[in-house]
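The structure under discussion appears below in the form of structure tokens.
The values are calculated or read from the model by the stated rules, or taken from the named source; none is laboratory data. All values derive from a computational prediction rather than experimental measurement. FYI the Cβ positions are ideal-geometry reconstructions off the backbone, even for glycines, and counts take in every protein chain you see. SASA here: full protein model, heavy atoms, side chains in, ligands and nucleic acids out. Shrake-Rupley method; radii C 1.70, N 1.55, O 1.52, S 1.80 Å.
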Amino acid sequence: MAQEYKSIKDIYGPIMVVSDVSGAKYDELVKVQLKDGSTRTGKVLEVDHDIAIVQLFEGTSGMDKENTRVMFQGKGVELSCSPDLLGRIFDGQGRPIDGGSPIVPEQRIDVNGSSLNPYERDYPNEFIQTGISTIDGLNTLVRGQKLPIFSGSGMAHSRLAAQIARQAKVRGSSEPFGVVFAAMGTTFEEAKFFEEEFRKTGALERSVLFINLANDPAIERITTPRLALTAAEYLAFEKDMHMLVILIDMTNYCEALRQISATRREVPGRRGFPGYLYTDLATLYERAGRVKDKKGSITQIPILTMPEDDKTHPIPDLTGYITEGQIVFSRPLHNTGIYPPVDVLQSLSRLKDKGIGPEKTRKDHADVFNQLFAAYARGLEARELEAILGEAALSEIDKMFYIFANSFEKEYIHQGWDDDRSIEETLDLGWKLLSKLPRTELKRIRVEYLDEFLPKFLDK
């Protein structure tokens, strides 16, 4: 039963301090009724004896301490869950914004779920095809993995997020697959882009969208990814679906966390972010995975923009510690028109070896990946040598790898917005590029694979 108070002690910014409170809990939902009868929603940020600090989603403008009633709801923020979530678009508080009716709940679930128990986890080992060669071929995404994308301001991460959401699939499986897409602090134009892309491509039918705009309250930005993960957990572990959760942009989420921390007058940590940033991010990222004896799974792709393209910034730095690899965007590749501008040498999927090979992708996958990586690295070395000493300083083999690096970027890394490559097409493209090099240089591919696959591409 809700407890009601009229003992507001202080109001500053979006924060309200309520005194003489009994039994309030951290993250408890709060309803506030103003003098004119209108209501606002907030949640408890901190409890100290009989003092509760509450942040309001809609802000505190127009409120006065004497004529405002505060009602503690005795529960946290909840999401109404049913299979009808699929195909719907919600705001950062879980309210429908697509013109449809509210969800009739099969369950109402607190959005502050727990991280998966390590003992209950099942090891990720099943391939998810995104249709993006630099992911499928070189940084393979595995079902149950957390694989972030580190981008920069102005790069095409929003477009890539929409493309992955549209194209992602579990190969050779009849089990249902869905996408939960959460946009935090996004502009109105980006929000429209996401909605239109999901609608016109038909991806919306298997997706749930949560959209938090840049002008929405910061506290709502903190709730948005938790709503998304709650929806994914329900569909995965209650309805046996395989869910892909895309969170964009985690930098906006962390900035909101810093803003709230400053409002609460907490002692700042690195670059002004709260000292608990790592713990907070872990509570989100560790909600992904596979659970023993459960058919469903949750795979996560958090996307963040690195301030000033700095990988050592606290947000990408801490994200890298928690997740299983990272896909890093390159500013130079972006400036040359390469899409997606993935920096292959700096990117890594720590679970790729578990999701590739016979009966998953193809038996030659690991060897092709290793050879492409090595050849591209050598090609970049030749490019640097040419830039310093000129083309005359390159040997004939160096020139071959120099040409390979250019072809690799233009044909393998670069692909169209509508180009949905199967893993076979990606691997064949790798063989096609490698066939331009002398066989004696293909030292990372087993002889039997060279004999089986290479002749198919030598005359092409």
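For region 319-330, the criterion of being in contact with a Gly (Cβ under 8 Å, 6 or more places away or on another chain), of a type outside the set (S, T, N, Q) and modelled with pLDDT under 95 is met by no residue. Kindly evaluate GLN93 against the criterion of being of a type outside the set (Gly, Ala, Ser), at pLDDT below 90 and farther than 25 Å from LYS192 by Cα. Against the criterion (of a type outside the set (Gly, Ala, Ser), at pLDDT below 90 and farther than 25 Å from LYS192 by Cα), GLN93 does not qualify. For region 1-57, residues that are surrounded by fewer than 15 Cβ atoms within 10 Å (Cβ to Cβ), farther than 14 Å from ASN67 by Cα and among the acidic types (Asp, Glu) total 3.
One residue stands out in region 348-387 among those that are open to solvent by 70 Å² or more (accessible area, probe 1.4 Å) and acidic (Asp, Glu): the one that is nearest to PHE453 (Cα to Cα), namely GLU359. Give me the residue from region 430-447 that is open to solvent by 80 Å² or more (accessible area, probe 1.4 Å) and touching a helix residue (DSSP H, G or I) at 6+ places or on another chain (Cβ under 7 Å) and, out of that set, nearest to GLN346 (Cα to Cα). The extreme case among them is ARG444. Counting residues in region 418-429 that are part of a loop (DSSP other than H, G, I, E, B), exposed (fewer than 15 other Cβ atoms within 10 Å of the Cβ), of a type in the set (Lys, Arg) and out of contact with any Pro (no Cβ under 6 Å at 6 or more places or on another chain) gives zero.
Can you tell me how many residues within region 382-412 are touching a residue at least 12 places away in the same chain (Cβ under 8 Å) and assigned to a helix (DSSP H, G or I)? Adding up the residues that qualify gives 20. Among the residues of region 56-76, are any more than 24 Å from ARG265 (Cα to Cα), under 33 Å from the mean Cα position of the chain (by Cα) and among the charged types (D, E, K, R)? Looking through region 56-76, at least one residue is more than 24 Å from ARG265 (Cα to Cα), under 33 Å from the mean Cα position of the chain (by Cα) and among the charged types (D, E, K, R).
Out of LEU394, LEU450, report the one residue that is within 24 Å of THR134 (Cα to Cα), open to solvent by less than 80 Å² (accessible area, probe 1.4 Å) and of a type in the set (A, V, I, L, M). On inspection, the qualifying residue turns out to be LEU450. Set side by side, the residues LEU437, LEU442, LEU429 differ, and just one is at pLDDT 95 or above, over 20 Å from SER330 (Cα atoms) and of a type outside the set (Asp, Glu), which is LEU429.
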